[in-house]
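The values are calculated or read from the model by the stated rules, or taken from the named source; none is laboratory data. Every value quoted in this text rests on a predicted model; they were computed, and no experiment measured them. Positions of Cβ are generated from backbone atoms using ideal geometry, with glycine treated the same way; all protein chains shown enter the neighbour counts. All accessible areas refer to the heavy atoms of the entire protein, side chains included, with ligands and DNA or RNA removed. Shrake-Rupley method; radii C 1.70, N 1.55, O 1.52, S 1.80 Å.
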Amino acid sequence: MARVELGQRTGLSAAAVSNITSDLIGTGMFIEATEEVPTENARGRPRVNLSLNGNYARVAAASLRMDVVEAVVADFAGNIFVREEFPCSTRSLSGEQVAEQCAVAIDTVLSRVPGPLPSAIGIAVQGIINPTEGQQVWSPILSIRDTDIVTPLAKHFGVPIVMENDGTATALAAAQRNPALKQGLTGVLMAGHGVGMGLLVDGGPFPGPRGASSEIGHVRRQPSGAQCRCGQRGCIEAYLADYALYRDARTLTNLSITNHQQPSEDQMQDLVRRAEQGESPVVRIFEEAGAALADAVRVVASVLGPNRIAVTGSSLRAFHLMKQAFVAGLRESITPAIDPEADILIVPGGVEMITEGMVHLALEQVDAIVAVDPTAAAVA
């Protein structure tokens, strides 16, 4: 944006904006974009837009999911320019090995784009985490509990490490894609490899008094119901997550075996095609998933009463198959009343949103560093 708009948004005088932006240009954080073409017959000089200098600093992020670590590298403007997945057997990892796997993944993607170390790194883990202590508290994809992941990574890389639950990371990415989610209390439900929720207050993560993230996917929907990966039965996730849908479909129809206990995107797309072609057992599975998604939204609306609720994640690939049951389930809600068309935002996206959200958090960490010393995070 131009300096004049910065002044309008911040309430600062033109002189203050000019001085501050000149300093930031001098440190290399801001750059002046090409001059805009003036409107015909407009008086005065054309406005010059300022933008973030992507080369000023860079960050890295990693997402730990069932049997895979995904790692990315991004520039100061948030552009991700390398992304790679690294298979591993997550339930066989010790606490030390979890940190090692993340470090190897990040080191590898950094080697793809040689240059300085990142100024901050974001780590997302599926399950319950304590972001203030950097601890993995519990996760359905790991056999360990109460493990410090941040300290060994900080020691290895020598830069600040920020940690979050994958649901919160996804919520942050969703808010970047849809600014309406940055207003008030927002619940962002993520359905895909698992089912989670990120809570945001005015666009920032809301961790709760103990720093633990939300686990809406493990709210019991049916006592003694379907087996969930967490060990309980009847969880919402056991009727909505990709692994649960594919598992149930395999008991009813002829499907290929999954690798790493998680269906691939191709396998899930095949499942969607079967339902679209009218294969009734698969159709019923997606209808049940729609009802489970409605149950999750109703719990969030009834308990939290947020300003907005959004739904995102790779499960939306089949939302057209779930929508009728989803809308019917929401219309059964009495308190509070939910209009599925007006009150629920659908934000397209998949697992890539987890690392997008962690890039956002890592960049906020860089912002905090340069607020104290504008030269501290510069890579050049």
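Quick rundown of the values:
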item	result
Selection count where residues are touching a strand residue (DSSP E or B) at 6+ places or on another chain (Cβ under 6 Å) and not in a strand (DSSP E or B), scope region 182-204	1
Check on residue 158, under 24 Å from residue 96 (Cβ atoms) and either without any contact (Cβ under 8 Å) to a residue 60 or more places away in the chain or open to solvent by less than 40 Å² (accessible area, probe 1.4 Å) (or both)	yes
Neighbours by Cβ (under 7 Å, 6+ apart or cross-chain): first from region 123-150, surrounded by fewer than 21 Cβ atoms within 10 Å (Cβ to Cβ); second outside any loop (DSSP other than H, G, I, E, B) and of a type in the set (D, E, K, R)	131/164; 134/148; 143/91
Residue in region 338-357 that is part of a helix (DSSP H, G or I) and small (Gly, Ala, Ser) present	yes
Residue list for region 295-311, restricted to those being in a helix (DSSP H, G or I), of a type in the set (Val, Ile, Thr) and open to solvent by less than 10 Å² (accessible area, probe 1.4 Å)	297, 300
Any chance residue 292 is touching a Phe, Trp or Tyr at 6+ places or on another chain (Cβ under 6 Å) and surrounded by 15 or more Cβ atoms within 10 Å (Cβ to Cβ)	yes
Output for region 233-276, where each listed residue is of a type in the set (A, V, I, L, M) and in a helix (DSSP H, G or I)	236, 238, 244, 245, 249, 252, 268, 271, 272, 275
Meets criteria (of a type outside the set (Gly, Ala, Ser), at pLDDT below 95 and either open to solvent by 40 Å² or more (accessible area, probe 1.4 Å) or within 17 Å of residue 315 (Cα to Cα) (or both)) for residue 269	no
Hey, residue 154 under 18 Å from the mean Cα position of the chain (by Cα), assigned to a helix (DSSP H, G or I) and within 28 Å of residue 117 (Cα to Cα) or not	no
Of all residues making up region 85-99, the number that are open to solvent by 50 Å² or more (accessible area, probe 1.4 Å) and touching a residue at least 12 places away in the same chain (Cβ under 8 Å)	6
Residue among 62, 105 that is in contact with a helix residue (DSSP H, G or I) (Cβ under 6 Å, 6 or more places away or on another chain), open to solvent by less than 60 Å² (accessible area, probe 1.4 Å) and either modelled with pLDDT of 95 or more or under 24 Å from residue 151 (Cβ atoms) (or both)	62
Odd one out for residue 259 among (1) open to solvent by 70 Å² or more (accessible area, probe 1.4 Å); (2) in contact with a Cys (Cβ under 7 Å, 6 or more places away or on another chain); (3) not small (Gly, Ala, Ser)	(2)
Residues that are touching a residue at least 40 places away in the same chain (Cβ under 8 Å), within 18 Å of residue 117 (Cα to Cα) and of a type in the set (Gly, Ala, Ser), drawn from region 58-84	60, 61, 62, 71, 74, 78
